[in-house]
Amino acid sequence: MNSSAYNVTKNTPFEVFNPSTGELIGHAPNMANDELNAAVESAKSAFVSWSSLSDEELQKNCLAVTKAIQDHSEELAKLVTLEQGKPLNGLGSRWEIGGAVAWADYTSNLSLPAKTLQDNQDGKVELYRKPLGVVGSITPWNFPVMIAIWHIMPALRTGNTVVIKPSPSTPLSTIRLIEIMQEALPIGVVNVVTGDDKTFNLGAAMSAHPDIRKIVFTGSCATGQKVMQSAATTMKRLTLELGGNDAGIVLPDVDPSAIAEGLFWGAFINNGQTCAAMKRLYVHESVYDAVCESLVAFAKNIPVGDGMDEASILGPIQNKAQFDKVSQLVSEAKERGKVLLGGDPGEGLFFPPTIIADLQNGDSLVDEEQFGPALPIIKYSNIDDAIRSANDSPNGLGGSVWSSDIDMAKKVAARMECGSVWINKHGAIQPNAPFGGVKSSGFGVEFSEEGLMEYTDIQVIFS
């Protein structure tokens with residue numbers, strides 16, 4: 001790697017395991033404050049020349065990075081599967097890397113030209129967007145490459161340099177991603193630091209570091225609050241994409257068999273380990289039984305197994321702590337509702353797709369973000385009650401409405417307290433649409449021009 005920070009660590013490397021098999025698959029450097037300072041200094045030094053490039057030169061470099069990632073797609077996909085557990089196929093690691101390439105390409109082709117606010121006899125007023133400096137990226141374990149791209153590419157496109165810290169559960173694919181990017185970029189523009197989060201808290205140190213101008217963080221609400229607190233003393237810019245407890249509302253005019261597949265993937269994409277997955281499903285009483293039956297019929301045929309098996313469509317839960325949380329929530333839900341599918345932990349970190357009906361707000365599986373393959377279903381009779389229940393959460397990332405009447409669905413969507421609402425699908429984010437949460441689910445937005453702007457300062461010139 002070009003980053004000196006990668007090579008100077010003195011601590012014992014930490015181990016990385018395959019969640020499908022439990023096998024040791026590699027080691028990652030266990031860095032601390034000296035290594036972080038070296039990485040930040042590397043990025044800070046590179047910023048001087050990188051930020052001086054023209055918009056066209058920045059775009060050209062970003063497109064070169066995109067091509068480099070695409071050229072290494074299969075290698076990165078296999079690394080993601082080995083350390084994250086998701087299958088190669090289906091909506092798994094090959095899909096993740098394909099999405100990363102698409103996002104990188106789209107972001108590379110965005111631009112934020114100067115804007116003329118006034119040009120008359122009283123003078124000219126122009127608005128410019130300038131890069132911030134060093135951007136710190138802290139990424140989670142559920143989509144280690146795609147979320148890294150979401151953080152890094154808008155930073156590079158706007159003339160910033162980057163220090164990224166991946167989750168200790170999935171550091172290997174990020175390390176390799178940065179190596180690939182470094183081959184297409186000047187020295188120091190992108191840097192990676194890794195640690196086990198026990199020996200030294202790199203994330204906390206990044207959030208407080210005086211030479212990091214912005215933190216972009218994807219993860220839990222609790223950690224996001226800590227990032228915001230520690231960033232306050234240096235007045236950092238922040239983009240925080242935090243936890244969600246997304247609700248889906250099924251209206252009485254649906255065809256249950258037609259929406260079953262969409263409901264399943266809305267809830268169980270990446271084994272439910274997705275911030276914007278559907279975590280709660282409210283179904284009108286007139287179609288409740290039919291929706292439950294159709295959803296179970298689809299779900300029971302999804303192959304679950306080792307991610308490296310080409311036949312697998314869902315894999316294990318990524319880590320023991322998350323497995324234990326899902327197991328506890330499901331165990332409690334089994335006492336309160338009716339298990340329609342799954343419900344019992346499998347071997348190792350495998351947990352079968354689980355659907356539990358007849359639950360309600362107040363039950364832990366409904367109120368808490370499970371972040372795993374377990375979906376609670378709640379019956380309602382009055383749409384106002386359903387909307388009230390859907391909004392009865394501190395989170396507000398995404399939501400969905402399922403109906404054959406699009407106009408009616410939009411009216412319901414407008415009353416939902418969340419940053420994104422999908423009609424007859426769930427979680428279908430795309431690079432040309434801003435994405436972010438309300439309430440406790442986030443601060444700022446990602447993607448599109450609105451997301452790009454978050455990596456810049458405004459400067460207004462009067463002439």
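Diagonalising the gyration tensor over the Cα atoms of segment 245-291 and scaling each eigenvalue by 5 before taking the square root yields semi-axes of 20, 11, 7 Å, largest first. Of the residues HIS27, HIS151, ranked by 1.4 Å probe accessible area with the largest first, the sequence reads HIS27, HIS151.
Which order do you get for THR66, THR12 if you rank them by accessible area with a 1.4 Å probe, largest at the top?
THR12, THR66
Within the accessible area of the chain, what % is carbon and sulfur when the probe is 1.4 Å and the other protein chains stay in place? C and S atoms contribute 51 percent here. Where does the Debye-calculated log10 I(q)/I(0) of segment 189-243 sit at q = 0.15, 0.18 Å⁻¹, using only Cα point scatterers of equal weight, no solvent? The Debye formula, applied to the Cα set alone, gives -0.41, -0.59.
Hey, can you rank 451-460, 49-58, 244-253, 177-186 by average C-beta count inside 10 Å, highest first? Mind dumping the intermediate values first?
Values: 451-460: 16.9, 49-58: 13.7, 244-253: 24.6, 177-186: 20.6.
Descending mean neighbour count gives 244-253, 177-186, 451-460, 49-58.
With the biggest extent put first, the Cα atoms of the chain measure 64, 64, 39 Å across the principal axes.
Note on the chain: dipole from Cβ charges, positive end direction compared against GLN318, PRO434, SER403; the farthest Cα belongs to PRO434. Annotation: SER42 carries an accessible surface of approximately 20 Å², with a 1.4 Å probe and no ligand, DNA or RNA atoms counted. Candidate cross-link partners of LYS78 among the aspartates and glutamates, defined by an alpha-carbon separation under 14 Å and a same-chain spacing of 8 or more, comprise GLU96, ASP306, ASP309, GLU310.
Keeping every protein chain present and rolling a 1.4 Å probe, give me the accessible area per residue for segment 1-135 in Å². The partial results should precede the final answer.
Working: 6340 Å² over 135 residues.
On a per-residue basis, 47 Å².
Among 305-314, 137-146, the peptide with the highest mean count of other Cβ atoms within 10 Å heads the list, and the full ranking is 137-146, 305-314. Here the scattering of segment 292-424 is modelled by Debye summation over its C-alpha atoms, one equal scatterer each and no solvent; at q = 0.16, 0.17, 0.21, 0.22 Å⁻¹ the log10 of I(q)/I(0) is -0.94, -1.03, -1.31, -1.35. Annotation: per residue accessible area for segment 314-463 equals 44 Å², rounded to a whole number [probe 1.4 Å, protein chains only].
Going by accessible area, probe 1.4 Å, with all protein chains left in place, what is the ranking of MET235, MET206, largest first?
Details: MET235 140, MET206 0 Å².
Heavy-atom accessible area, descending, gives MET235, MET206.
Could you list, in their original order, any pairs among LYS86/LYS214; LYS44/LYS67; LYS411/LYS439 whose Cα atoms are separated by more than 23 Å? Where the Cα-Cα span goes over 23 Å, the pairs concerned are LYS86/LYS214; LYS44/LYS67.
For HIS72, the solvent-accessible surface computed with a 1.4 Å probe is close to 50 Å², ligands and nucleic acids excluded.
For every helix of n ≥ 4 consecutive DSSP H residues, a contribution of -39,500 (n - 2.57) applies; sum these over the chain, divide by its total residues, and give [θ] at 222 nm rounded to the nearest 500 deg cm²/dmol. Mind dumping the intermediate values first?
Details: 15 runs with 176 residues, N = 463.
Result for the chain, helices only: -11500 deg cm²/dmol.
3J(HN,Hα) along segment 27-33: 10, 10, x, 9, 8, 9, 5 Hz, from the Karplus curve 6.51 cos²θ - 1.76 cosθ + 1.60 with θ = phi - 60°, whole Hz, x for Gly and Pro.
On alpha-carbon atoms, Rg over Rh for segment 194-290 using Kirkwood Rh?
Numbers: Rg = 19.6 Å, Rh = 16.3 Å.
Result for segment 194-290 is an Rg/Rh of 1.21.
The values are calculated or read from the model by the stated rules, or taken from the named source; none is laboratory data. The structure presented is a predicted model; accordingly, all values stated were derived computationally and were not measured. When we count neighbours, we look across all protein chains shown, and the Cβ atoms used for this are built from the backbone with ideal geometry, even at glycine. These accessible areas exclude ligands, DNA and RNA; they are computed on the full protein's heavy atoms, side chains included. Shrake-Rupley method; radii C 1.70, N 1.55, O 1.52, S 1.80 Å.
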